[in-house]
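Everything on this sheet refers to the single structure shown next.
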Amino acid sequence: MSGKKTSIINDDGVSKDFTFDYSFWSHDGYIEEDNGYLKRNPGHSGTKYDDQEVVYNELGLEVLDNAWNGYHCCLFAYGQTGAGKSYSMIGYGENRGIVPLATEEIFRRIDSNDDSSKAYEVSAQMVEIYNERVQDLLIDPSKRP
C-alpha cells in the first residue's frame, strides 16, 4: 500500500494495482496498549498501520464537517464478510470506530456552542444490507422482523 494505491500480487508474481479514495493498512505493524488499543508500532519496518483515529481523522471527520455545514451525508462501508467494515464503523473495545468517534464530536460541538438562539436536532440511521435484506442496526436484533 502506498497512499491511495493498494497493490496485490498473485501466486505467479503478477502485480495488480488498485486506486481508491482512501486506502488504510490494518493487517500488521501495530502494538497493543495495556487498555487494548491498537496503535502504530514505530519500530515496524513495513507498511504503516492506520489505527482507528487515523481512519476517523482522514475520512470520518470530513463527512462530519460536511454534515455540520448543512449537507446531507452518508458514510457507506462495503466489502466482503470479514473485511473490517464493522471494525472501521463501530470498532471494538478501546478501538472505537467512526460512528462513536463522530457521535462524541457532534455532542462536543453542541455543548461548546454559546449561542442560545441556536437549537440542534440530531438524528441518525444505521442499516446493514446483507443477502439483499435490509436490517436496522439500531433496533435490538431480537426485535427485528
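The values are calculated or read from the model by the stated rules, or taken from the named source; none is laboratory data. All of these numbers come straight from a predicted model, not from anything done at the bench. Methodologically, a virtual Cβ is constructed for each residue, glycine included, from the backbone with ideal geometry; neighbour enumeration extends over all protein chains shown.
A few points about this structure:
- Every condition in (1) at pLDDT below 90; (2) of a type outside the set (V, I, T); (3) surrounded by 10 or more Cβ atoms within 10 Å (Cβ to Cβ); (4) at positive phi holds for G91 except the one numbered (1).
- Residue within the stretch 75-82 that is over 27 Å from E132 (Cα atoms) and of a type in the set (V, I, T) present: no
- Within the stretch 115-143, being more than 20 Å from L64 (Cα to Cα) and either in contact (Cβ under 8 Å) with a residue 60 or more places away in the chain or exposed (fewer than 10 other Cβ atoms within 10 Å of the Cβ) (or both) holds for D115, S116, S117, Y130, N131, E132, R133, V134, D140, P141, S142, K143.
- Condition check for K39 on (1) more than 16 Å from the chain's Cα centre (by Cα); (2) in a strand (DSSP E or B): one failure, at (1).
- Considering residues of the stretch 53-73 that are aromatic (F, W, Y) and at pLDDT below 95 only, the residue farthest from F107 (Cα to Cα): Y71
- Some residue of the stretch 44-52 being in contact with a strand residue (DSSP E or B) (Cβ under 9 Å, 6 or more places away or on another chain) and in a helix (DSSP H, G or I): yes
- The stretch 80-114, residues that are touching a residue at least 40 places away in the same chain (Cβ under 8 Å) and either in contact with a strand residue (DSSP E or B) (Cβ under 6 Å, 6 or more places away or on another chain) or hydrophobic (A, V, I, L, M, F, W, C) (or both): N95, G97, I98, L101, A102, I106
Here's the yes/no breakdown for (1) on the phi < 0 side of the Ramachandran plot; (2) exposed (fewer than 10 other Cβ atoms within 10 Å of the Cβ); (3) hydrophobic (A, V, I, L, M, F, W, C); (4) in contact (Cβ under 8 Å) with a residue 12 or more places away in the chain:
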| residue | (1), (2), (3), (4) |
| --- | --- |
| D11 | yes, yes, no, no |
| G36 | no, no, no, yes |
| G46 | yes, no, no, yes |
| D50 | yes, no, no, yes |
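- Within the stretch 57-145, helices (runs of 4 or more DSSP H) holding 3 or more residues that are among the charged types (D, E, K, R): 98-111
- Scanning the stretch 31-52 for residues that are aromatic (F, W, Y) and either under 15 Å from E105 (Cα atoms) or modelled with pLDDT of 90 or more (or both) turns up just one, Y37.
- Selection from the stretch 123-135 of residues that are closer than 23 Å to F107 by Cα and in contact with a strand residue (DSSP E or B) (Cβ under 8 Å, 6 or more places away or on another chain): Q125, M126, V127
- Residue count for the stretch 88-122 under the criterion of being polar (S, T, N, Q) and within 22 Å of the chain's Cα centre (by Cα): the result is 3.
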